[in-house]
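Working notes, beginning with the structure itself.
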C-alpha cells in the first residue's frame, strides 16, 4: 500500500540562502527509504533552481510547483501526493541530524504510535548558538512510560508540545483516518493539524534526542509577517474548537482550550508591532475574549494567574 | 443454561491447581460450568486440567499461547454461557456453599452482582492454615442491602477485587465489560472492577466470607522499571473507559481519584526504594493536574488522606521525607516506652494541623 517508508514534505518559498543546507541534510538521512516532496510555492528568489538541481541529483526527490498559496496549502499539496507510511513536515530554512528519520521511526514503531514528538533546538544565526527551549517539548509533564494519550499529560495539553508540525513524525494511516489537514492561511496554519492530532491520537510517544535545528535570527521577523495576517491565530483557534466540538471532546478540554486561547492571544499581542498591535488589542477586548470563552471565567479557572492578571489589565479591570 | 459459569485463568500453577479445581467441582450448587483458560502454561497445569476434564463433564477447556491475565479472562468471559459468572484465581480456593448461596441471593434480589467478604490464608509446613478475615466493606460499611452503584459512586470504596462474587452475564454483556488486554500489563482486574461498579444498577455485598485467597508468596517489593507504572497505566485505561460517556465521568471522577490515590500508595509501598522518589514525583504532577481541573473532592477522602494529598501537591520532597520518617517511626515503635510514644504522636498531630 505504501511504496516508501517516510514521506518528507517541505514547502519552499524564497529561502534560497538556507535551502541547500536543508535539502542536503534531508538527502543525507541514514534512513534511505524516503521520498522528499518539495512543494515550491512560486518562489521568485531562485529557490526553484536549487530545488531542480537537487531533484536531478537525487531521484527520491519529487518536485511540485504550485501557484502561491501559502505554506499551509503547500503542505496539503505534499500530503495529497505522499506515498510513505509515515509523514514528516519540515521547514525549508531548518536543518536536521542525519539520524532524525531513523530515530523517529525507531520510537514510533517501537510502540506503534500515531505520532512521535522528537527533540529539537533553535539555531541563532547571529550568535551562532544552539539553544534548547523547554516549552517545545516539556518533558516534565510527559508520563515516564510510552505510549500515552493527551489525558496523561500533567499540564495544559496544548502547552506540553508546541503547535508546530516539524518536530513530529506522523503515521499516515492515522492522519488519513482523521482527515487531518493544514489550514490554508498565511500564518498559524499548522496549529489545527497538530492539536487535532494531539487530542485524537490513541498512542503518542516521545524521543527526547535533539534531531532538528530550527533557524532563527536572520529571516524576516515574524511580527512583520503577521502585520498582514494578525487574525490568523484567532481563525486557527476557532477552527480547533469546532473540531473539538465535532469530535465530542470539547467538554473535557474546554478549560485547557480557554487557558491556551488566553495564552496564545497574549503572545500574539505581545509580539505584534504597531499599529496592528492596537487593532488586535481592541478586537480582543471588544469581541474575541468573549467569543473565545475567556470573559466571565473566575480567577480559579486559570492555571496561570499572571496571564489572568494581564487579561484583567487589558479589559481595564485592574 | 448453567446457573453459574466459573472462570479460572491459568498460568503455571501446578502446585495449587488441584485444590482450586476440587473446591469448584465440589460445590453444593451442581448446575455450574467450569471454564479453564490455560494461558500458555509451561508446567504441568494443562495436564491437570485435562485430567479433571476427563472425569467432570462440566469442565470446558480453552487453551492457547500466553497472552496475559486480561486476555485469558476475556476469553473466559466470551465463552461463558451461565446465568451468572464467577472468577476463581487458580491458586485460591472456595468453600463448597459459595456459588449456591450467592446465586440464591442474586436471583432473589435481581442483582447485577453480589460480592462477599473473604479470607486471606497462609499454610505452614504442617499444612496448618492461618486465616485472616478481610472485610471488603471496611471503607464503606454497607452490607446485606441493595446498593445502586451506578448512582452511588462511593460504592467503589469497597476493597478492590473481582473474585469474591458473581456477576449476571446479561449485565456483563449489556455493557460489554472486559479486562484490559495490553500485553505485559498488571492489575488488569482494576478496570473490570471499576466498570462493574460504574454500570451496575442493583448489587449487594454480603458479610459472609466464602473465598480463600492465598498469601503464601507475598509479592516481592522488587519490581522492574516497566512494572513500576503498571498501576498508572491501568488507571489511564479506566479513565478512558469512564470518559467514553461524559455523564459517567462526571459522576465517577471524584471516586476515580480516590481509588487512584489508594492504589498509588499501595504501589509506592511495593516498589523498590530506588523508584520511590520518582514515583511520588509523577503522582504529585497527576494529582496537581486533577486539582487544577476540579477533579479532586474533599468529600470522598478522610481528613487525614486529604491533608496528605495536599501536602504532596505542595511539596513532593518534604512529603517524601515525612513518609520515610513515618516508616522509620513504625519500625522502632515497639521499642519506645508508652509515655514517650504519646508525646511524639502529639507533636506529629500538631505538625499535621499546621
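How many residues are at the interface with chain A (Cβ under 9 Å from one of its Cβ atoms) and in contact (Cβ under 8 Å) with a residue 12 or more places away in the chain when one looks only at the range B:236-255? Final tally of qualifying residues: 1. Number of residues in the range B:26-55 that are closer than 17 Å to residue B:80 by Cα and out of contact with any strand residue (DSSP E or B) (no Cβ under 7 Å at 6 or more places or on another chain): the value is 2.
Which residues, counting only those in the range B:256-269, are within 14 Å of another protein chain (Cβ to nearest Cβ) and under 14 Å from residue B:155 (Cα atoms)? Spell out the reasoning first.
If we filter the range B:256-269 for residues that are within 14 Å of another protein chain (Cβ to nearest Cβ), which is where we start, we get B:256-257, B:260, B:264, B:267.
Within the range B:256-269, B:256, B:257 meet the criteria.
If you go through the range A:276-300 and keep only what is in a helix (DSSP H, G or I) and within 26 Å of residue B:293 (Cβ to Cβ), you end up with A:284, A:288, A:289, A:290, A:291, A:299, A:300.
Taking the criterion of being under 30 Å from residue A:123 (Cα atoms), outside any helix (DSSP H, G or I) and within 14 Å of chain B (Cβ to nearest Cβ), would at least one residue in the range A:262-275 satisfy it? No, there is no match, as no residue in the range A:262-275 is under 30 Å from residue A:123 (Cα atoms), outside any helix (DSSP H, G or I) and within 14 Å of chain B (Cβ to nearest Cβ). For the range B:62-82, the set of residues classified as farther than 16 Å from residue B:40 by Cα and crowded, with 19+ Cβ neighbours inside 10 Å consists of B:77, B:80, B:82, listed by residue number. Here A:76, A:68 are screened, and the one residue that is over 17 Å from the mean Cα position of the chain (by Cα) and either in the same structural domain as residue A:203 (by TED's automatic domain parsing) or surrounded by 15 or more Cβ atoms within 10 Å (Cβ to Cβ) (or both) is A:68.
Could you list all residues from the range A:137-150 that are under 19 Å from residue B:238 (Cα atoms) and outside any loop (DSSP other than H, G, I, E, B)? Of everything in the range A:137-150, those that are under 19 Å from residue B:238 (Cα atoms) and outside any loop (DSSP other than H, G, I, E, B) turn out to be A:148, A:150. Report whether or not residue A:127 is farther than 16 Å from residue A:7 by Cβ, away from chain B (no Cβ under 14 Å) and either part of a loop (DSSP other than H, G, I, E, B) or modelled with pLDDT under 95 (or both). It is true that residue A:127 is farther than 16 Å from residue A:7 by Cβ, away from chain B (no Cβ under 14 Å) and either part of a loop (DSSP other than H, G, I, E, B) or modelled with pLDDT under 95 (or both).
Please state which one of A:134, A:98 is at pLDDT below 95 and not in a helix (DSSP H, G or I). Give the derivation first.
On the way: A:98 fails: at pLDDT below 95.
After ruling out the rest, the residue left standing is A:134.
Just one residue in the set A:239, A:201, A:212 is more than 28 Å from residue A:124 (Cα to Cα) and in the same structural domain as residue A:99 (by TED's automatic domain parsing); that residue is A:201.
Taking the range A:162-228 as the region of interest, the helices (runs of 4 or more DSSP H) fully inside it that hold 1 or more residues being at negative phi and modelled with pLDDT under 95 are A:222-225. Filtered by the rule that a residue be in contact with a helix residue (DSSP H, G or I) (Cβ under 7 Å, 6 or more places away or on another chain) and surrounded by 19 or more Cβ atoms within 10 Å (Cβ to Cβ), the range A:107-147 gives A:114, A:115, A:116, A:118, A:142, A:143.
So that you can scan it fast, the table gives a plain yes or no per residue for (1) under 18 Å from the mean Cα position of the chain (by Cα); (2) closer than 28 Å to residue B:241 by Cα; (3) within 14 Å of chain B (Cβ to nearest Cβ):
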site	(1), (2), (3)
A:148	no, yes, yes
A:156	yes, yes, yes
A:159	yes, yes, yes
A:163	yes, yes, no
A:166	yes, no, no
A:170	yes, yes, no
A:179	yes, yes, no
A:183	yes, no, no
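Note on the range B:282-304: residues that are away from every other protein chain (no Cβ under 14 Å), without any contact (Cβ under 8 Å) to a residue 12 or more places away in the chain and in contact with a helix residue (DSSP H, G or I) (Cβ under 7 Å, 6 or more places away or on another chain) total 1.
Out of B:34, B:87, B:49, I need the residue that is over 25 Å from the mean Cα position of the chain (by Cα), modelled with pLDDT of 95 or more and surrounded by 18 or more Cβ atoms within 10 Å (Cβ to Cβ). Which one?
Working: B:34 fails: over 25 Å from the mean Cα position of the chain (by Cα); B:87 fails: over 25 Å from the mean Cα position of the chain (by Cα).
That would be B:49, the only listed residue that is over 25 Å from the mean Cα position of the chain (by Cα), modelled with pLDDT of 95 or more and surrounded by 18 or more Cβ atoms within 10 Å (Cβ to Cβ).
For residue A:245, the conditions (1) surrounded by fewer than 14 Cβ atoms within 10 Å (Cβ to Cβ); (2) more than 23 Å from the chain's Cα centre (by Cα); (3) within 14 Å of chain B (Cβ to nearest Cβ) all hold with the exception of (2).
The helices (runs of 4 or more DSSP H) falling completely within the range B:1-98 that include 1 or more residues that are more than 25 Å from residue B:216 (Cα to Cα) map to B:45-55, B:69-79.
Among the residues of the range B:198-212, those that are over 13 Å from residue B:137 (Cβ atoms) and touching a strand residue (DSSP E or B) at 6+ places or on another chain (Cβ under 8 Å) comprise B:200, B:202, B:210, B:211, B:212. When you check residue A:303 against the structure, is it assigned to a loop (DSSP other than H, G, I, E, B), within 14 Å of chain B (Cβ to nearest Cβ) and over 20 Å from the mean Cα position of the chain (by Cα), yes or no? In short, yes.
Just for the range B:160-176: of the residues that are crowded, with 20+ Cβ neighbours inside 10 Å and within 17 Å of the chain's Cα centre (by Cα), which one is farthest from residue B:29 (Cα to Cα)? Lay out the reasoning, then the answer.
So in the range B:160-176, the residues crowded, with 20+ Cβ neighbours inside 10 Å come out as B:162, B:164-168, B:171-172.
Okay, now just the ones that are also within 17 Å of the chain's Cα centre (by Cα), so B:162, B:164-167.
Values: B:162: 20, B:164: 16, B:165: 15, B:166: 13, B:167: 16 Å.
Ranking the candidates gives B:162 first.
Of all the numbered requirements in (1) free of Cβ contacts under 8 Å to residues at least 40 places away in the same chain; (2) outside any loop (DSSP other than H, G, I, E, B), residue B:307 misses one, and that requirement is (1).
Residues that are assigned by TED's automatic domain parsing to the domain that holds residue B:183 and in contact with a helix residue (DSSP H, G or I) (Cβ under 7 Å, 6 or more places away or on another chain) occur at least once in the range B:68-79.
Do we have residue A:184 as surrounded by fewer than 17 Cβ atoms within 10 Å (Cβ to Cβ), in the same structural domain as residue A:8 (by TED's automatic domain parsing) and closer than 23 Å to residue A:292 by Cβ here? Outline the logic, then answer.
Details: surrounded by fewer than 17 Cβ atoms within 10 Å (Cβ to Cβ): yes; in the same structural domain as residue A:8 (by TED's automatic domain parsing): yes; closer than 23 Å to residue A:292 by Cβ: yes.
Considered against the rule, which asks whether it is surrounded by fewer than 17 Cβ atoms within 10 Å (Cβ to Cβ), in the same structural domain as residue A:8 (by TED's automatic domain parsing) and closer than 23 Å to residue A:292 by Cβ, residue A:184 comes out as yes.
Tell me yes or no: at least one residue of the range B:140-153 is under 30 Å from residue B:59 (Cα atoms) and outside any strand (DSSP E or B). Looking for residues that are under 30 Å from residue B:59 (Cα atoms) and outside any strand (DSSP E or B), one finds none in the range B:140-153, hence no.
The values are calculated or read from the model by the stated rules, or taken from the named source; none is laboratory data. Predicted model, so just to flag it, every value in this text is computed and none were measured. Don't worry about glycine lacking a Cβ; one is built from the backbone with ideal geometry, like all the others, and counts go over all protein chains shown.
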